[in-house]
Amino acid sequence: MITVLAGGVGAARFLEGLAAVVPPEEITVIVNTGDDAQFHGLHISPDLDTVLYTLAGLVSRETGWGIEGDSFYALSALQRLGVETWFRLGDQDLATHLYRTRRLRESASLSLVTQELCRRFGVLTRLVPMSDDPAPTRVQTPEGNLPLQEYFVKLKQEPEVLRVDLSAAALAHPAEGVTESIMRTDGVIFAPSNPFISIGPILSVQGIREAIRNTPAPVAAISPIVGGKALKGPAARMMRSLGLTASAAAVAEYYKDFLDVFVMDVQDAELAPGIEASGLKTVVTSTVMDSAEAKKNLARATIEAMQEVRYSPGGAGKER
Ligand code: FO1
């Protein structure tokens with residue numbers, strides 16, 4: 001069994017590779033819901049949907065989110081009504097949000113609705129929201145304390161980030177099965193997602209940080225920073241505005257309390273000895289997931305490194 005902590009697009013690409021090298025039923029994905037938002041009275045869970053559509057083979061290849069070939073008639077009609085439409089919801093995508101919102105109003109939990117969606121989309125990988133409680137991430141910027149999607153989409157990640165506010169996640173309880181899937185697994189992987197707005201919210205949910213520290217399984221992270229740049233999104237800029245260096249080494253340092261294995265790109269090979277010296281097993285491989293083969297290779301390299309740690313004298317977790 002493998003447990004993955006995941007955000008949106010980067011995580012989804014990695015999971016495509018993982019589900020091709022490990023039976024998908026043996027993978028549990030704990031997905032960030034700090035990005036969840038309400039638009040037009042509907043509950044949107046962008047990271048859950050990005051992972052769902054990707055594993056179902058339906059995701060838009062151009063954007064990495066939404067459905068390939070979707071139309072935007074409903075959004076245009078809403079625009080005609082004078083409604084703000086900066087968050088682009090496609091017509092087929094809207095069906096997912098209509099379904100989820102109706103089920104939540106019927107008192108179904110977000111976990112149950114996610115399970116139903118997985119079944120309907122034929123996704124065998126187990127997707128679990130980090131929490132069934134609302135846990136919206138907010139971003140403190142010079143322009144104010146903003147809901148995540150306002151910073152991310154409306155303002156195009158342009159404002160400087162002074163602080164990421166995860167106080168709602170800190171009050172949230174993990175969804176059913178989340179801590180168990182961390183404690184009873186053969187390996188935990190932090191997908192190559194933004195450490196602050198994707199993995200950070202998951203780690204902030206009550207009990208998850210402790211579960212990751214205490215699990216007997218090896219814990220690996222894949223750097224989302226390659227050659228000082230983010231694979232996708234604002235992680236590098238965010239690191240700089242939070243006073244960190246945008247580098248794989250800074251990501252390793254940020255996660256070091258949790259990790260046994262750190263997977264980083266060949267472009268950053270010169271940083272590996274320094275990271276190894278801090279007690280982490282480092283894997284230097286290609287982390288740029290530009291083909292199906294590249295995604296599978298990254299998944300294989302991560303699993304192999306976790307197995308080596310698991311079966312090495314002392315095993316995983318001795319340093320944590
Ligand atoms: N990202 C954008 O940059 N612009 C959008 O209009 C947008 C719409 C959208 C609709 C549904 C969905 O599931 C995701 C969507 N995303 C959009 C992606 C999303 O905002 C971010 O990628 C994540 O929240 C960050 O992980």
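The values are calculated or read from the model by the stated rules, or taken from the named source; none is laboratory data. Just so you know, these numbers come straight off a predicted model, no measurement behind them. So basically every Cβ, Gly included, is an ideal-geometry build from the backbone, and we count neighbours across all protein chains shown.
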### Task
Give the residues of the range 165-180 that are aliphatic (A, V, I, L, M) and either surrounded by fewer than 17 Cβ atoms within 10 Å (Cβ to Cβ) or within 13 Å of the ligand (Cβ to nearest atom) (or both), sorted by residue number.
Ala170, Leu171
### Query
Of all residues in the range 15-55 being more than 12 Å from the ligand (Cβ to nearest atom) and more than 17 Å from Leu124 (Cβ to Cβ), which is surrounded by the fewest Cβ atoms within 10 Å (Cβ to Cβ)?
Gly41
### Task
Restrict the check to the range 88-101 and report whether at least one residue is closer than 23 Å to His173 by Cα, more than 12 Å from the ligand (Cβ to nearest atom) and part of a helix (DSSP H, G or I).
yes
### Query
So which helices (runs of 4 or more DSSP H) are wholly in the range 219-297 and hold at least 1 residues that are hydroxyl-bearing (Ser, Thr, Tyr)?
235-241, 248-255
### Query
In the range 116-130, is there at least one residue being aromatic (Phe, Trp, Tyr) and in contact (Cβ under 8 Å) with a residue 40 or more places away in the chain?
yes
### Breaking point among (1) small (Gly, Ala, Ser); (2) under 30 Å from Arg138 (Cα atoms); (3) not in a helix (DSSP H, G or I), for Ser312
(2)
### Message
Please verify whether Ser181 is in a helix (DSSP H, G or I), in contact (Cβ under 8 Å) with a residue 24 or more places away in the chain and closer than 27 Å to Thr287 by Cβ, treating the condition exactly as stated.
### Response
yes
#### Entry: Residue within the range 56-79 that is out of contact with any Phe, Trp or Tyr (no Cβ under 8 Å at 6 or more places or on another chain), more than 10 Å from the ligand (Cβ to nearest atom) and under 16 Å from Leu127 (Cα atoms) present
yes
### Task
Scan the range 78-102 residue by residue and report those that are in contact (Cβ under 8 Å) with a residue 60 or more places away in the chain and either touching a Pro at 6+ places or on another chain (Cβ under 6 Å) or over 25 Å from Gly233 (Cα atoms) (or both).
Thr101
### Message
Within the range 142-158, does at least one residue satisfy the condition of being surrounded by 15 or more Cβ atoms within 10 Å (Cβ to Cβ), without any contact (Cβ under 8 Å) to a residue 40 or more places away in the chain and farther than 22 Å from Leu171 by Cβ?
### Response
yes
### Message
Can you tell me how many residues within the range 165-178 are touching a residue at least 40 places away in the same chain (Cβ under 8 Å) and outside any helix (DSSP H, G or I)?
### Response
7
### Query
Within the range 275-285, is even one residue among the hydroxyl-bearing types (Ser, Thr, Tyr) and over 28 Å from Glu210 (Cα atoms)?
yes
### Query
Does the range 193-218 hold any residues that are in a loop (DSSP other than H, G, I, E, B) and either closer than 20 Å to Ile303 by Cα or away from the ligand (no atom under 16 Å from the Cβ) (or both), and which are they?
Ser193, Val205, Gln206, Gly207, Thr215, Pro216, Ala217, Pro218
#### Entry: Every residue from the range 175-200 that is within 16 Å of Leu127 (Cβ to Cβ) and not β-branched (Val, Ile, Thr)
Ala175, Glu176, Gly177, Glu180, Ser181, Ala191, Ser193, Ser198
### Task
Select from the range 130-161 the residues that are of a type in the set (S, T, N, Q) and within 11 Å of the ligand (Cβ to nearest atom) and write down the one among them that is modelled with the lowest pLDDT.
Gln157
